[in-house]
Ligand code: F6P
């Protein structure tokens with residue numbers, strides 16, 4: 001499985017180092033001038049996604065060598081290993097089968113000799129029945145009222161995917177339902193999410209793979225108290241709480257009938273779980289049919305990833321380009337800039353997906369890496385970002401590769417001035433930004449505009465700043481599925497090249513353990529003996545003193 005040859009010893013790596021030295025001084029202006037076809041040559045298209053990667057600092061040899069690196073890194077075998085249920089999450093001894101969550105009925109995916117697809121569809125069927133009964137009003141609250149408010153309580157993968165998908169698919173959602181998401185253990189999150197809700201009409205979905213996460217369990221207990229305070233009868237929990245988890249015992253212990261639990265499996269990573277039962281809030285919002293469309297989009301991208309030659313394979317190309325900049329240009333961040341208001345939470349979702357997956361400093365076999373791995377992903381929807389941080393992307397000292405996401409059709413077509421539409425203006429900005437980043441404006445061009453000499457350096461755009469443009473038709477559930485799966489698999493490609501385990505997250509553990517200890521010390525009724533460093537001791541003491549004065 002994979003490749004045991006250290007990354008720096010793979011022949012394509014050395015060739016890429018030499019090649020990067022030759023390519024990096026070249027300007028995109030010259031690369032485009034030398035090849036008038038470049039803007040259509042360096043493109044790939046599949047499943048309604050047109051990827052223009054021509055405005056990258058690459059030539060044909062770059063792609064050839066990156067594809068060789070993928071082969072030498074065992075990408076082909078790793079893809080098969082994932083799709084066939086091998087335990088590629090070696091540090092947790094688990095298979096990685098989120099692709100099974102969107103496998104159509106009748107497809108077979110074996111894990112330890114057992115087909116997991118029927119169980120996936122059994123849960124999907126139950127979710128569908130439940131969603132229909134809530135949406136139609138058949139499912140009633142404890143006092144007989146219709147459920148009009150859905151509150152998802154979860155954090156990380158049990159929150160970010162559901163929030164992102166709800167926002168992304170709002171256009172398709174039942175506008176009579178109010179959806180809220182509570183994630184932060186900060187009480188403000190719960191209070192603000194519920195302050196205008198009627199408990200008798202509110203359904204909580206407690207979403208937690210483990211059902212032990214401090215934030216979620218704390219918020220779930222607070223939600224139960226909030227409900228019982230209003231409805232005064234413990235049996236109300238049955239009509240106002242459902243759970244999504246892999247941990248039946250903990251769900252029952254919390255007081256939710258396992259009949260009202262929707263399960264998933266340890267082979268679904270939290271950040272890869274939005275199309276498991278963790279997507280229950282999404283299904284409630286848009287209905288089972290649209291949820292099915294979302295899954296179809298995911299599945300289509302899975303098939304594309306598994307079967308398309310690497311040179312035309314969208315996740316492979318995107319993943320390799322990220323490796324190219326991180327390891328051969330020293331970039332540390334990757335911006336993802338969706339030009340669609342509905343995708344406003346997409347960058348936040350991607351942050352967990354990418355950074356919890358590839359923010360690793362040891363290889364699968366535990367060696368410290370001697371190259372850079374996962375970059376920081378960040379972004380905001382356009383055009384808002386243009387009036388905020390784009391200055392730095394255009395004229396700052398950091399090289400920041402950008403993914404622009406755009407659509408040819410708006411879900412809310414509105415006319416604007418001079419015969420243009422809002423959407424024309426939005427899309428004009430996508431194309432203009434990538435053009436400006438790539439080609440910039442020379443000092444001579446600035447002078448030719450009559451600019452005073454002392455202002456010339458300030459108004460020069462060096463250009464040569466790389467971007468991909470992903471252009472889709474319109475934001476449908478299917479399109480969203482393809483887009484999310486595209487990034488999931490791009491992360492996999494990067495992790496494979498870097499030989500890291502993209503599916504564990506040991507880096508979140510230490511803080512959790514320490515927080516538990518500190519929480520005990522903050523709330524202790526007698527003065528605790530503090531054995532931290534002097535900074536942490538002082539902070540704890542200061543907090544305790546402030547609290548005592550207040551009490
Ligand atoms: O703290 C990280 C993490 O384990 C994520 O990987 C996960 O998505 C999140 O916590 C929530 O976990 P759970 O769904 O078990 O509550």
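Packing around the peptides 145-157, 534-546, taken as the average count of other Cβ atoms within 10 Å per residue, puts them in this order, highest first: 145-157, 534-546.
Working from label points 7 Å from Cα in the Cα-to-Cβ sense, the residue 133 to residue 235 distance is 1.7 nm. Please label the shape of the stretch 280-404 as rounded, prolate or oblate, based on the square roots a ≥ b ≥ c of the eigenvalues of the alpha-carbon gyration tensor (a/c under 1.5 means rounded; beyond that, a/b larger than b/c means prolate, else oblate). Oblate, since a/c reaches 1.5 and b/c is not below a/b. Put simply, the stretch 134-230 fits an ellipsoid with semi-axes of 20, 18, 12 Å; these come from the alpha carbon gyration tensor as the roots of five times its eigenvalues, largest first.
Annotation: peptides 235-245, 361-371, 427-437, 128-138, ranked by per-residue average of other Cβ atoms within 10 Å with the highest first, follow the order 235-245, 427-437, 128-138, 361-371.
Beyond 22 Å, the tail of the calculated P(r) for the stretch 165-274 holds 35 percent of the Cα pairs. Extent of the stretch 417-462 along its three principal axes (Cα atoms, max minus min coordinate, largest first): 38, 23, 13 Å. With the convex hull of the Cα atoms taken as the outline of the stretch 147-201, the averaged projected area works out to 3.9 nm². Counting only Cα atoms, the stretch 1-75 measures 40, 35, 11 Å along its principal axes, largest extent leading. Pairwise Cα distances in the stretch 51-201 exceed 19 Å in 73 percent of cases. Computed over all pairs of different Cα atoms, the Kirkwood value for the hydrodynamic radius of the chain is 25.5 Å. Mean projected area of the convex hull spanned by the Cα atoms of the stretch 59-147, taken over all viewing directions: 10.7 nm².
Here the contact order of the chain, divided by its residue count and restricted to Cα pairs under 8 Å and six or more residues apart, works out to 18 percent. Averaging over all projection directions, the Cα-based convex hull of the stretch 459-512 occupies 8.1 nm² in the image plane. The coefficient of translational diffusion for the stretch 280-342, derived via Stokes-Einstein from the alpha carbon Kirkwood radius under 37 °C and 0.692 mPa s, stands at 226 µm²/s. By DSSP, the beta bridges lying fully in the chain are antiparallel in about 30 percent of cases.
Centre-to-centre separation between the Cα atoms of the stretch 462-510 and those of the stretch 120-166: 27 Å.
The separation of the stretch 520-551 from the stretch 278-350, counted between C-alpha centres, amounts to 44 Å. A compact globular protein would have a Cα radius of gyration near 2.2 N^0.38 Å; the ratio found for the stretch 210-256 is 1.12.
Could you tell me the center-to-center distance, by alpha carbons, between the stretch 358-412 and the stretch 172-201 in angstrom? Between the Cα centre of the stretch 358-412 and that of the stretch 172-201, the gap is 31 Å.
A short reminder: the numbers here are calculations on the coordinates, not readings from a lab. None of the values given here were measured: they were computed from a predicted structure. Every residue, glycine among them, receives a Cβ derived from its backbone with ideal geometry; neighbour counts consider all protein chains shown.
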